[in-house]
Amino acid sequence: MSTIVLLTMTGLGLGALYFLIASGLSLIFGLMDVLNFAHGALLSIGAYGTWWAASGNLPGAGPGGAGFALAVLFGTAVGTVAAVLLELAVVRPLYTRPREQVLATVGVGLAVPALLSGIWGPDALTFPGPEALSGTFGLLGAHVPVNRLVLIAAAVVVLVALRLFLGRTRHGLVVRAGVEDRAMVTALGIDVRRAFTLVFAIGGCVAALGGALGGLYFGSVDPRQGTSLLIFAFVVVVTGGMGSVTGAAVAAVVIGLVQQFANYYTAAGLGDLAVVVLLGALLLVRPRGLTGRLA
Amino acid sequence: MSTATETHDRTDGPPVTGPPRPAAATPARVLRWWPAAALLALAVAPFSALPLPGLLDGPVGSPGSLQLLATCLLFGALATGYDLLLGRTGLLSFGHALYFAAGSYATNMFLLEAGLPFALAAVLGLCFGTALALVLGSVSLRVTGIGFSMVTLAFAQAGSILVSRNPGGLTGGEEGRAAPAGLLPSGLVGIDNTANLYWIALAYLVLTLGVVHWAVRSPTGRVWEGIKENERRVEVLGLKPYGFKLTAFVLAGALAAVGGLVHLLLTGGSTPQTTTSDFTLSLLVMVVLGGSGTRWGPMVGGILYTWADHRLGDLAGSGAVADLPAVLRVPLSQPLFLLGVLFVAVVHLLPGGLTRLPARLGAGRRATANTSVEGRSS
């Protein structure tokens, strides 16, 4: 029983991490038809930003208490700025060429991890976290690491915030309408391009937060982390149905749980394969993903 | 899109039979023979002692240079095969490395574990790679557009994980596995026989160019072009795009599997680097750099990229870079950073890739000439 509880919590934590990357990816894809290959790089930037600040390089920030919150805030802000720069400098000039937009983000996705590994070395760096988040707590007889709870809480907050933003605000309305029919929104005289930058900023912000909390989850940061998480985020986006935030949330939970349970009950590493097999099986039954949205 | 189509027709359509423009007639006739001349030059390269300082470390015929040239030709061919999907059918696959690695690893497994003779192992390895492309292609093509890209990437990643986990000691994990020298034909092993491997790589390039050229001009190739331009229109014409796309996918996968086989011989083993997503992305860089959807572009891109990759590696480790201040040294010491930035630059500044550059420059000059003529007449 305690094993199942632990696996469930770990799977949910991993799912939360996937959701943080996949939600931004899904929104950007839904609105702009751009598969952002640099999204993993944004996550890495957030992770390294937080690591850099929490290692005592930023005045006031540190590995514990309010200092750590400041470090996470700093990392998230850096990721958001990077996302806006990415949109303005790389993606926007290719506005009329969606395929080239994807290719350009591929280039950024190659360059940024290489740069990070050039500056801080290719090996994993220990991630400084507060004492309070490195312990465990008892739940139904299992010792669950506290950071899983932090990740789940962050993902729930992001999900609620995104739903409120999309459902209740004017900007959210434009984004949702843009996801449905970009041409119509443009025809109504609304500058969809401003919505693009906004969505990129949101996506980058959430991904960078995912990077900061991912450092907590894995206990380390390394340049390749973002790219490897990105691939599972792709699986989540396809499984959940593209452009749907709720679909991404459901799929992230399913993928995270399947991966953890398969890793534990079969050979280690088979969980990653199980996820892809699950994706293949789902595509055979429902090519449009769980929510049935158009790919 | 329309300009791309025009250029496409000019490079790939049947030879123009009408009266050619008088001024260009003689050079055009000579130019038509350049592939044959290039092929001849490449075929006799192992006999040449010509030094190419800056381009190659030793004379052309030395084993080191031949190894690099063979790698360049191999990747030129691989990129050409990959463009069958990207440039000809409009399928952005991120999982092409999987079929390349499958050809290499499967052949190696049949040699190492089953002890089969090389020819049989090669045929079985090729069949395995093709069958894998058929199975995974039929699943991933159930999603269209970018979803297809993501699914192919996921499958390739699963393959990469499988290889690195070293199931049953079969793949050798991060180390890869060396091919058994004793089971390979003796003419394909050792530094003395680099020329033979070079010719094999050249043959693979010629094969790929031939197959792609033939396939693109076949009726199926016409449908691929239609799918690339507008898939809905092909459906409306009563054709099912799925089968045509799967054909392209399996053909490209089979060509990649042959490439994996050549790579196995050339490097003497299977390495897990060939399974990574970075490897597929570098194929993508090659194709876009050279010019997607053109006859020679992917080949040119593949050769240039591979050569630059080796040279950038040397540059990164050279003393000149180590002496630079940190702001310059850190980015310059990362070949992937340079390639990534180069790629973004090519996408932005060079739509259509290197092979369309002369046409673009020519068009620019003609446009300038036309304006000046108009200016005079008015």
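Descriptive notes on the structure:
Table: residues versus (1) farther than 30 Å from residue B:280 by Cα; (2) modelled with pLDDT of 80 or more; (3) of a type in the set (Gly, Ala, Ser).
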| site | (1), (2), (3) |
| --- | --- |
| A:153 | yes, yes, yes |
| A:179 | no, no, no |
| A:204 | no, yes, yes |
| A:231 | no, yes, no |
| A:247 | no, yes, yes |
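- Given (1) in contact with a strand residue (DSSP E or B) (Cβ under 7 Å, 6 or more places away or on another chain); (2) surrounded by fewer than 24 Cβ atoms within 10 Å (Cβ to Cβ), index of the condition residue A:55 fails: (1)
- Only listed residue being open to solvent by 40 Å² or more (accessible area, probe 1.4 Å), of a type in the set (Lys, Arg) and without any contact (Cβ under 8 Å) to a residue 40 or more places away in the chain, chosen from B:165, B:177: B:165
- Annotation note: of B:91, B:116, B:141, B:111, the sole residue that is modelled with pLDDT under 90, surrounded by fewer than 19 Cβ atoms within 10 Å (Cβ to Cβ) and of a type in the set (A, V, I, L, M) is B:116.
- For the range B:312-342, the set of residues classified as open to solvent by 40 Å² or more (accessible area, probe 1.4 Å), in a helix (DSSP H, G or I) and modelled with pLDDT under 75 consists of B:314, B:315, B:317, B:319, B:320, B:322, B:326, B:327, B:328, B:329, B:332, listed by residue number.
- The residues of the range A:83-122 that are at pLDDT 85 or above, surrounded by fewer than 18 Cβ atoms within 10 Å (Cβ to Cβ) and either within 7 Å of chain B (Cβ to nearest Cβ) or more than 27 Å from residue B:352 (Cβ to Cβ) (or both) amount to a single one, A:84.
Yes/no matrix, rows are residues, columns are (1) without any contact (Cβ under 8 Å) to a residue 40 or more places away in the chain; (2) aliphatic (A, V, I, L, M):
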residue	(1), (2)
A:20	no, yes
A:49	no, no
A:63	no, no
A:67	yes, no
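- Of all the listed residues (A:213, A:198, A:164, A:188), the sole one being buried (at least 21 other Cβ atoms within 10 Å of the Cβ) and either in contact with an Asp or Glu (Cβ under 7 Å, 6 or more places away or on another chain) or of a type in the set (A, V, I, L, M) (or both) is A:213.
- Checked against (1) hydrophobic (A, V, I, L, M, F, W, C); (2) more than 28 Å from residue A:248 (Cα to Cα); (3) facing chain B (nearest Cβ under 10 Å), residue A:137 passes all but condition (3).
- Within the range B:87-136, tally of residues that are more than 26 Å from residue B:292 (Cα to Cα), among the β-branched types (Val, Ile, Thr) and not in a helix (DSSP H, G or I): 0
- Residues satisfying the stated conditions in the range A:225-277, i.e. among the small types (Gly, Ala, Ser), more than 10 Å from every other protein chain (Cβ to nearest Cβ) and part of a helix (DSSP H, G or I): A:226, A:240, A:247, A:248, A:249, A:251, A:252, A:256, A:262
- Among the residues of the range B:166-205, those that are over 20 Å from residue B:68 (Cβ atoms) and hydroxyl-bearing (Ser, Thr, Tyr) comprise B:171, B:186.
- Any hit, the range A:185-200, residues being within 14 Å of another protein chain (Cβ to nearest Cβ) and touching a helix residue (DSSP H, G or I) at 6+ places or on another chain (Cβ under 8 Å): no
- Considering only residues in the range B:190-224 that are open to solvent by 50 Å² or more (accessible area, probe 1.4 Å) and more than 19 Å from the chain's Cα centre (by Cα), the one that is nearest to residue B:39 (Cα to Cα) turns out to be B:196.
- In the set (1) more than 30 Å from residue A:65 (Cβ to Cβ); (2) assigned to a helix (DSSP H, G or I), the condition left unmet by residue A:122 is number (2).
- Subset of the range B:63-116 (residues that are more than 23 Å from residue B:155 (Cβ to Cβ), among the hydroxyl-bearing types (Ser, Thr, Tyr) and in contact (Cβ under 8 Å) with a residue 60 or more places away in the chain): B:71
- Some residue of the range A:2-17 being in a helix (DSSP H, G or I), in contact (Cβ under 8 Å) with a residue 12 or more places away in the chain and within 14 Å of chain B (Cβ to nearest Cβ): no
- Looking only at the range A:111-157, residues that are over 21 Å from residue A:256 (Cβ atoms) and touching a Ser or Thr at 6+ places or on another chain (Cβ under 8 Å) come to 9 in all.
- Candidates A:226, A:240, A:210, A:247, filtered to the one that is in contact with a Pro (Cβ under 8 Å, 6 or more places away or on another chain), touching a residue at least 24 places away in the same chain (Cβ under 8 Å) and within 26 Å of residue A:280 (Cβ to Cβ): A:226
- Filter result for the condition that a residue is part of a helix (DSSP H, G or I), surrounded by 10 or more Cβ atoms within 10 Å (Cβ to Cβ) and at pLDDT below 75, over B:345, B:369: B:369
The values are calculated or read from the model by the stated rules, or taken from the named source; none is laboratory data. Since the model is a prediction, treat every value here as computed from it, not as a measurement. Heads up, the Cβs are rebuilt from the backbone with ideal geometry, glycines too, and the neighbour counts pull from every protein chain shown. Side chains included, ligands, DNA and RNA excluded: accessible areas come from the protein's heavy atoms. Shrake-Rupley method; radii C 1.70, N 1.55, O 1.52, S 1.80 Å.
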